[in-house]
1. Restricting to the stretch 322-339, what's the tally of residues that are under 26 Å from Gly63 (Cα atoms) and either surrounded by fewer than 14 Cβ atoms within 10 Å (Cβ to Cβ) or more than 22 Å from the chain's Cα centre (by Cα) (or both)?
2. Restricting to the stretch 93-120, give me the number of residues that are out of contact with any helix residue (DSSP H, G or I) (no Cβ under 7 Å at 6 or more places or on another chain) and under 21 Å from Asn64 (Cβ atoms).
3. Any residue in the stretch 61-77 that's outside any strand (DSSP E or B) and surrounded by fewer than 24 Cβ atoms within 10 Å (Cβ to Cβ): show its pairings with residues that are modelled with pLDDT under 95 and polar (S, T, N, Q) at Cβ separation under 7 Å, as long as the two are six or more apart or on different chains.
4. Please verify whether the stretch 80-101 includes one or more residues that are over 30 Å from Phe161 (Cα atoms) and either open to solvent by 50 Å² or more (accessible area, probe 1.4 Å) or modelled with pLDDT under 95 (or both).
5. What do you reckon, is Ala168 modelled with pLDDT of 95 or more and either in contact with a helix residue (DSSP H, G or I) (Cβ under 8 Å, 6 or more places away or on another chain) or open to solvent by 10 Å² or more (accessible area, probe 1.4 Å) (or both)?
6. Here's a check for you: in the stretch 286-295, which residue that is assigned to a loop (DSSP other than H, G, I, E, B) and open to solvent by less than 50 Å² (accessible area, probe 1.4 Å) is farthest from Ile59 (Cα to Cα)?
7. Which residues, taken from the stretch 370-382, are within 30 Å of Lys95 (Cα to Cα) and not in a strand (DSSP E or B)?
Amino acid sequence: MKKFLMSFAVLLAGTLSFTACGGDEDGIDPYEKPTPTPDPTPDTNNKVVAEDVCNGVFIVGSGNMKSAVSGNVTYLDFATGNTTVNMFEKTNGRKLGLTANDALVYGDKVYFFVTNENTIEVCDRKTLKSIQQIRTADLIGKEGAQPRHGFAYNGNVYVSFFGDGSAANGIVAAIDTVKFAVGQKYAVGPSPEGVGIVNDVLYVANSDYGNGKASISRIDLKSGADNQLKHEDITNPCTMTVIDGALYVLDYGTYTADWSKQMNAGVRKITTDGKVEKVIDATFMGSDGKKIYVVNNPWGGNGTTYGVYDAATGKKTDITYSVAPYSAAAISANPMTGDIYIASLNKSAEGDWADYVAPGYLNQYDANGKFVKKYDIGSGPVAIVFNVGKEYHEKK
């Protein structure tokens, strides 16, 4: 499966020295931790409101566990046009840790899920100053090891956890965003990844790490009942996004017995009545809350293609980027401007393959795919998260 093949590719990658990008500033002085403030209640119209402002974008890098390269956060400030690589480390005087996996903006905070450190880093979204480091295995127990993804809802962040591997199933736990206490815990399927909530129903992508027992948990948050969904087209689900009451899941598909070819990877639409429909081929996806932007580069395939799926119309459109990234690793779009951002690995200095250890880069395009600007970022980019205030990221 995709995660296995990514690890295999790391074994082939050469090691390059880390270099910082233009626009970085060293020596940021620490200051007192901000006082935790309540996060917003949901906006039921499920739209981006006019007073929402997008100030910049966080690019989460996983680093490289094999080479002991820490996870990292690069911040692109839209006001200045500059990036700060390793902003978390520069602001807080410590590294983010191994295998940063994802991030979530909610209210005045940004949450970073750091899988191999068993931590969730909670920071002020405007300064990236640490508010709280949640050590999840200490807080929850062994089932709270390896946090993966989160979704914000009604003052809680619902987080998926692989656990320590000793149990067949993972969990999702609700963490209060003021006191950072654990509330309800939900037993879900094996190796849970993406999380979403629609109409008080918690959806969880149980990937089973591609081993054949994949499913989608559908848990009623009021009753606790779990109506698990299994479908022949749900084989290795990963990230999720919610658009206008419908759930969209990126599924890595299946692989041949010798792992030489990836098949049927794409975005699945899951309706509240349990219907599953593949809407576009993809190996990476991102959303601006209205459209889904995809990269499709299946293992053993015939190159990379790009597209957009409009959730309102169901229309699929191919995009050709005027300057194509070398090895796309994450994609998303600014919900305010429509500009598209693609994070990429660099080409290895040792040959024509991607370097999973060296720093990567971020390309900015307009909505039609015209290249705008390139930015240097940290190593192993895995997620692009826009710094939007209010309730937008709860609804995404």
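The values are calculated or read from the model by the stated rules, or taken from the named source; none is laboratory data. Remember, predicted model here, so these are calculated numbers, not experimental data. Cβ atoms come from the backbone with ideal geometry, glycine included; neighbour counts cover every protein chain shown. What goes into the accessible areas is simple: the full protein's heavy atoms, side chains included, and nothing from ligands, DNA or RNA. Shrake-Rupley method; radii C 1.70, N 1.55, O 1.52, S 1.80 Å.
1. 1
2. 10
3. Ser67/Thr15
4. Yes: the stretch 80-101 contains one or more residues that are over 30 Å from Phe161 (Cα atoms) and either open to solvent by 50 Å² or more (accessible area, probe 1.4 Å) or modelled with pLDDT under 95 (or both).
5. In short, no.
6. This residue is Gly289.
7. Gly380, the sole residue that qualifies.
Yes or no, residue by residue, for (1) charged (D, E, K, R); (2) under 18 Å from the mean Cα position of the chain (by Cα); (3) open to solvent by 50 Å² or more (accessible area, probe 1.4 Å); (4) within 25 Å of Ile234 (Cβ to Cβ):
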| position | (1), (2), (3), (4) |
| --- | --- |
| Val122 | no, yes, no, no |
| Lys126 | yes, no, yes, no |
| Gly141 | no, no, no, no |
| Phe151 | no, yes, no, yes |
| Val188 | no, no, no, yes |
